[in-house]
Amino acid sequence: MKNSGSEKEKLLIIINGKGGVGKDTLCDFAATHYPVRNVSSITPIKEIAAANGWNGEKTPEARRFLADLKEAFTRYNDLPTRYLLEQYREFLDSQERIMFAHIREAGEIEKLKSRVDGPCITLLVRRGSQVPQTWGNAADDETEDYSYDFVYENRFPLEEAEADFLTFLEEKLLPCASRREV
């Protein structure tokens, strides 16, 4: 998918981290200062699961169920990546500057990166020992088994985290929007 010159200031950030590290909160912080699209490869899977009895819980069993369902749809028709590419096309045609794409699996991260032609970086978010170290499914438990472009240590209390993340975003991530290679 070719990126024309008018989108050169746009940046796709593939974001990952274990459950509970604050990824969506960080994306919300960015959205208060920049036009942002925040999407996840699990969204179409959650919609299918909800239509068939899943009630939104985030227990280890529910997380494993969603991971297994996502894996099945990835093998069957690549639904998660097709969804993200559709979102990316809409992002390129929008006024949004940053697109956060939540993807857990290393292979799926690489797949999306290989299918976009434009500034794209990967970001791992960590939050020390404040979250469980294992969830019982590969999608969550293997989040650190990838060589990310950037790592953000989400170590501040909520009232201080926004300023810290925005500084990180502005100093480290956004400059990548004008570079072709990271």
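The values are calculated or read from the model by the stated rules, or taken from the named source; none is laboratory data. Owing to the predicted nature of the structure, the values given are computational and were not obtained by experimental measurement. Because the Cβ atoms are built from the backbone with ideal geometry, glycine has one as well, and the counts that use them run over all protein chains shown. Please note that ligands, DNA and RNA were not included when accessible areas were found on the heavy atoms of the full protein model with its side chains. Shrake-Rupley method; radii C 1.70, N 1.55, O 1.52, S 1.80 Å.
One table, with the values for the structure above:
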{"quantity": "Subset of region 100-130 [under 11 Å from the mean Cα position of the chain (by Cα), part of a strand (DSSP E or B) and among the hydrophobic types (A, V, I, L, M, F, W, C)]", "calculated": "100, 101, 121, 123, 124, 125"}
{"quantity": "Complete set of residues in region 19-65 that are more than 20 Å from residue 120 (Cα to Cα) and of a type in the set (Val, Ile, Thr)", "calculated": "21, 25, 32, 43, 45, 48, 59"}
{"quantity": "Looking only at region 32-68, and only at residues there that are among the aliphatic types (A, V, I, L, M) and out of contact with any Phe, Trp or Tyr (no Cβ under 9 Å at 6 or more places or on another chain), the one that is least open to solvent (accessible area, probe 1.4 Å)", "calculated": "42"}
{"quantity": "Residue pairs meeting the criteria (Cβ under 6 Å; at least 6 apart or on separate chains; first modelled with pLDDT of 75 or more, in region 124-153; second surrounded by fewer than 16 Cβ atoms within 10 Å (Cβ to Cβ) and of a type in the set (Ser, Thr, Tyr))", "calculated": "141/134"}
{"quantity": "Residue 122 in contact with a Ser or Thr (Cβ under 9 Å, 6 or more places away or on another chain), among the hydroxyl-bearing types (Ser, Thr, Tyr) and farther than 16 Å from residue 17 by Cβ", "calculated": "no"}
{"quantity": "Set 100, 165: member being within 30 Å of residue 52 (Cα to Cα), surrounded by 19 or more Cβ atoms within 10 Å (Cβ to Cβ) and among the hydrophobic types (A, V, I, L, M, F, W, C)", "calculated": "100"}
{"quantity": "Residues satisfying the stated conditions in region 168-182, i.e. open to solvent by 20 Å² or more (accessible area, probe 1.4 Å) and part of a helix (DSSP H, G or I)", "calculated": "168, 170, 171, 172, 175, 178"}
{"quantity": "Set 88, 148, 83, 152: member being touching a Ser or Thr at 6+ places or on another chain (Cβ under 6 Å) and buried (at least 17 other Cβ atoms within 10 Å of the Cβ)", "calculated": "148"}
{"quantity": "Verdict on residue 47 being within 18 Å of residue 144 (Cα to Cα), without any contact (Cβ under 8 Å) to a residue 40 or more places away in the chain and not in a strand (DSSP E or B)", "calculated": "no"}
{"quantity": "Residue within region 113-136 that is farther than 20 Å from residue 24 by Cβ, crowded, with 19+ Cβ neighbours inside 10 Å and in contact with a Cys (Cβ under 6 Å, 6 or more places away or on another chain) present", "calculated": "yes"}
{"quantity": "Selection status of residue 72, free of Cβ contacts under 8 Å to residues at least 12 places away in the same chain, open to solvent by 20 Å² or more (accessible area, probe 1.4 Å) and among the hydrophobic types (A, V, I, L, M, F, W, C)", "calculated": "yes"}
